[in-house]
Amino acid sequence: MIRTTDGDAIRTVTIDRPERRNALTPTALDALETAVSEADCPVVYLHGAGSAFCAGADLDAVADLATQAMAGDSEPAAAFARHGQRVARAIEASDAVVVAGIDGPARGGGLELALACDIRVATPAASFGEPGVTFGLFGAWGGTHRLPAIIGQSYAADLTLSGRVINSEEALRMGLVSRVVETPRSVCEQIATADRETLSQLNSLMSAAGTATETIRSQEKREAEAFAALVETHAESLSDRGK
């Protein structure tokens, strides 16, 4: 499901499950973490196969969490949220410059993983949304602190509380993406021409600016707990969304 291809300066990481709009299972999350964390190239290009970037968490996995919650065990749901948070942190902490090339839908957890990248570049066909609120959930992979930090509290509240979908031009106006281009990989190629050590140092300094690690960890703990509580509350309807 996760494919990697290494060039001289760019590792291409492809979420390759187009028949499910590149929805992520726990196994795929682990593979994605490894693919980015172990990159030995100065630039990582993350994109999705087919017509979507990533639809977020696999609905079968969410349905399984709901089944366990109906049996009185909501801890797996909290663990699933923490799992996604860990992968997003690994992307964020990568020594490489990680560029998300977003072509087609980025939804829920897929959008949250894009938020963890250093740069987000969209095609005209890209679209973005946090639809969880429409069925009683929300994205719990770090989006509640990254989205407001990137686009501001008002825009973030609008997107997450309404569940609406925006196109690439609106995403550009909000600052959710930095460019709208036909070929997002071209941005990687431009960045990769720079000196490797300079890229690493500059990217590390910019990533660290304005972060408050303890506050973020506290927010992610609350995020996982709230996600688990909502899975328990809406377990019956969520179980029907999967298998």
Checklist line | Residues (in contact with a Phe, Trp or Tyr (Cβ under 7 Å, 6 or more places away or on another chain) and of a type in the set (A, V, I, L, M)) located in segment 176-201 | finding: Leu176
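Criterion first (without any contact (Cβ under 8 Å) to a residue 24 or more places away in the chain and in contact with a strand residue (DSSP E or B) (Cβ under 8 Å, 6 or more places away or on another chain)) does Thr14 satisfy it?
In short, no.
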Margin query: If the requirement is being over 21 Å from Leu202 (Cβ atoms), out of contact with any Leu (no Cβ under 8 Å at 6 or more places or on another chain) and not in a helix (DSSP H, G or I), which of these qualifies: Thr4, Thr27, Thr34, Thr67?
Written below: Thr4
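This table checks each residue for (1) surrounded by fewer than 18 Cβ atoms within 10 Å (Cβ to Cβ); (2) at pLDDT 90 or above; (3) over 21 Å from Ile91 (Cβ atoms).
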| residue | (1), (2), (3) |
| --- | --- |
| Val133 | yes, no, yes |
| Ala140 | no, no, no |
| Ala156 | no, yes, no |
| Val177 | no, yes, no |
| Arg185 | yes, yes, no |
| Ser200 | yes, no, no |
Next item on the list: Return the pairs, sorted by first residue and then second, in which the second residue is loosely packed, with under 14 Cβ neighbours inside 10 Å, the first residue lies in segment 168-188 and is free of Cβ contacts under 8 Å to residues at least 40 places away in the same chain, the beta carbons are less than 6 Å apart, and the residues are 6+ apart or on different chains.
Entry: none
Notebook entry, point to check: Arg120: under 30 Å from Leu202 (Cβ atoms), among the basic types (Lys, Arg) and buried (at least 20 other Cβ atoms within 10 Å of the Cβ), yes or no?
Noted result: yes
Notebook entry, point to check: What are the residue pairs meeting all of these: first residue in segment 55-81, first residue over 11 Å from Leu238 (Cβ atoms), second residue hydrophobic (A, V, I, L, M, F, W, C) and surrounded by fewer than 18 Cβ atoms within 10 Å (Cβ to Cβ), Cβ atoms under 8 Å, and 6 or more apart or on different chains?
Noted result: Ser74/Ala229
Next item on the list: Identify all residues within segment 26-46 that are within 15 Å of the chain's Cα centre (by Cα), open to solvent by less than 30 Å² (accessible area, probe 1.4 Å) and either closer than 13 Å to Gly84 by Cβ or in contact (Cβ under 8 Å) with a residue 40 or more places away in the chain (or both); write none if there are none.
Entry: Ala28, Leu29, Leu32, Val36, Val44, Tyr45, Leu46
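The values are calculated or read from the model by the stated rules, or taken from the named source; none is laboratory data. Because the structure is predicted, anything quoted here is derived from the model rather than measured. All Cβ positions, even for glycine, are placed from backbone atoms using ideal geometry, and neighbour counts span all protein chains on display. To get the accessible areas, we keep the full protein, side chains included, count just its heavy atoms, and leave off ligands, DNA and RNA. Shrake-Rupley method; radii C 1.70, N 1.55, O 1.52, S 1.80 Å.
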